[in-house]
1. Would you mind finding the one in Gly245, Gly198, Gly220, Gly288 that is free of Cβ contacts under 8 Å to residues at least 60 places away in the same chain and surrounded by 20 or more Cβ atoms within 10 Å (Cβ to Cβ)?
2. Only residues that are more than 9 Å from the ligand (Cβ to nearest atom) and assigned to a strand (DSSP E or B): list them for region 174-188, please.
3. Restricting attention to helices (runs of 4 or more DSSP H) lying wholly within region 370-486, give those where 1 or more residues are touching a His at 6+ places or on another chain (Cβ under 7 Å).
4. From Lys313, Lys307, which residue is at pLDDT 95 or above, part of a strand (DSSP E or B), closer than 22 Å to Gly137 by Cβ and over 25 Å from the mean Cα position of the chain (by Cα)?
5. So, of the residues in region 114-136 that are part of a loop (DSSP other than H, G, I, E, B) and of a type in the set (D, E, K, R), which turns out to be farthest from Glu250 (Cα to Cα)?
6. Being within 22 Å of the chain's Cα centre (by Cα), part of a helix (DSSP H, G or I) and surrounded by 15 or more Cβ atoms within 10 Å (Cβ to Cβ), is that true of even one residue in region 49-58?
7. Counting just the residues of region 359-374 that are of a type in the set (D, E, K, R) and touching a Lys or Arg at 6+ places or on another chain (Cβ under 9 Å), which one comes out farthest from Trp412 (Cα to Cα)?
8. Exactly one of (1) within 12 Å of the ligand (Cβ to nearest atom); (2) at pLDDT 95 or above; (3) farther than 15 Å from Pro117 by Cα is unmet by Asn195. Its number?
Amino acid sequence: MIGTGPYNSLREYLTAVEAHGKLIKIDEIDQDAYELTGFMYKLIDKYGWLDAPAVLVEKVKVSGEWMEGPILINQYGMGGHEALVVGVPLDEIDPEDHILNYKKSLQKMLSEMPIEPMKTKEVKASDAPSKEVVLKGDEIDILSFPFIQTNPADNGRFINTGNLITIDPDGGRNVGTYRMQIKGPRKIGISPEKNQDGWKALMAHKEKGASHANVAVVLGSDPIVFAMSSSKTARSGQDELEIAGGFKGESVEVVKCEDSDIMVPANVEMIIEGEIPLDDFEEEGPFGEMYGYMGLPHESTFYMNIKTVTHRKNPIVVNQFTGVTRGFVTSPGEAASVKGFQKFMPELRGFHIPIDHVGFLFISIEKTKPHQALEIAEKFNFLPIGKIVVVVDEDVNIHSTKEVFQTVGARWQPFPGAKTIEDGPGFFLDPSAKNRGKSSRILIDATRQLPEENGPDVYPKLNREHLVEHDPEILELVKEKWGHLI
Ligand SMILES: Cc1cc2nc3c(=O)[nH]c(=O)nc-3n(C[C@H](O)[C@H](O)[C@H](O)COP(=O)(O)O)c2cc1C
């Protein structure tokens, strides 16, 4: 019987999702006809990002061939699945209320902060599931695995959940999730945006005159390793695997690569080893990006020549439907950000990037003085992802976009409760930007306005507050008596 997390492998987690969460199983699907892409859009239309189940497909048609999977999709979308990953006790996970499950995950992560990095633990190759099958040189055909073309406008098939492991010239390890366009049986694109830590590590080798860098890509890492690889939770210079160990309360097991001394997570589905030339760059993309729009192609980026592939028998291939579903668990990173920012913004109560509404940043504060909300919002000007920054009082649930939007409608006066910033850092994938990486932004003060801020002399109460004041037990009572109807 598998319980709540943390889990040591994707497989262990998948077993828990089957036992306690929600998983849709599909026997076979024709991705040459983009049936899986269409399926994911319809699933999200029905459930929304935080409520949609995970999907497992056994067999998929790719490039005219039926390939054995399984392919796993949306395994980290649901709030209840996030709660499983971070170890919320099973009896506390609500079967329906996934905003509540997300908040419980965040509370758990906040209660465990600050976490201490934990050293990795080496295991022998014979004990590493990721080495069950070893393929070398011409035995490798990466196209024979069911990596799919996600969107008709993508430039071909991509591995889009690979964690690239680089070692910088000083010996520091970086783990980052970057998409990889399949360019041939033993050749894949490697696309960290400029200034990502993986990009910096490769450029540091190039500046030292190296002709190539040895790297590895792991696929199907455990949920916390994947979350660390996909976010800035581990700061530049920190080792994502040690930070993952800290969050899990247990060392991440690593194994030595076949062709180099790089140590990589051992409990993964596949390890791809190879070399990245540092004096040759190629075009890459485009690919459907996280804003839900087609991205721009890279004119010149890295690629990797594959030398060795090791994998589990029947490896699970994870495909991320970027811009359609949530891609990784975010509560560990959100907890780390809240705790970090609170050091210089003590009034900060919450900070949330609603990934299903990319471009927004929701902040809640304990407001004690006039003009505090816009002052706080301005402190986030360095963050490219927040183009529309909404600050609310702490009674508002920033994990419910509906509640934030209702609050903006009710509590916000566009004048003087907004500030527009003409020029600043922008997110490189934002389709609205004339110059990628640059953006204007708007700061919205949707806190209750004080009289000094041009607010009303007496701020009216919410009707719900009147109800609960009238009878503090009413909502519990209704749940008990009428819950079966709701
Ligand atoms: C599924 C997925 C795909 C991603 N693809 C890319 C990518 O192609 N290029 C990129 O720069 N970042 C990509 N990201 C975001 C990075 O993983 C993220 O910024 C991470 O912090 C990078 O690691 P680093 O900070 O060690 O560079 C992706 C994230 C996810 C979850």
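1. Gly198
2. Across region 174-188, the qualifying residues are Gln181, Ile182, Lys183, Gly184, Lys187, Ile188.
3. Values: elements: 372-379, 401-411, 463-470, 474-482.
Counting at least 1 such residues, we get 401-411.
4. Values: Lys313 fails: part of a strand (DSSP E or B).
Being at pLDDT 95 or above, part of a strand (DSSP E or B), closer than 22 Å to Gly137 by Cβ and over 25 Å from the mean Cα position of the chain (by Cα) holds for just one of Lys313, Lys307, which is Lys307.
5. Our first condition is that a residue be part of a loop (DSSP other than H, G, I, E, B); within region 114-136, this holds for 114-120, 123-124, 128, 132.
Then drop every residue that is not of a type in the set (D, E, K, R), which leaves 116, 119, 124, 132.
Numbers: Glu116: 11, Lys119: 9, Lys124: 18, Glu132: 24 Å.
It comes out as Glu132.
6. The answer is no, given that none of the residues of region 49-58 is within 22 Å of the chain's Cα centre (by Cα), part of a helix (DSSP H, G or I) and surrounded by 15 or more Cβ atoms within 10 Å (Cβ to Cβ).
7. Once the filter is applied, the top-ranked residue is Glu366.
8. Here Asn195 meets the rest and fails (2).
The values are calculated or read from the model by the stated rules, or taken from the named source; none is laboratory data. Keep in mind that this is a model prediction, so the values were computed, not measured. With ideal geometry, Cβ positions are generated from the backbone for all residues, glycine too; neighbour counts draw on all protein chains shown.
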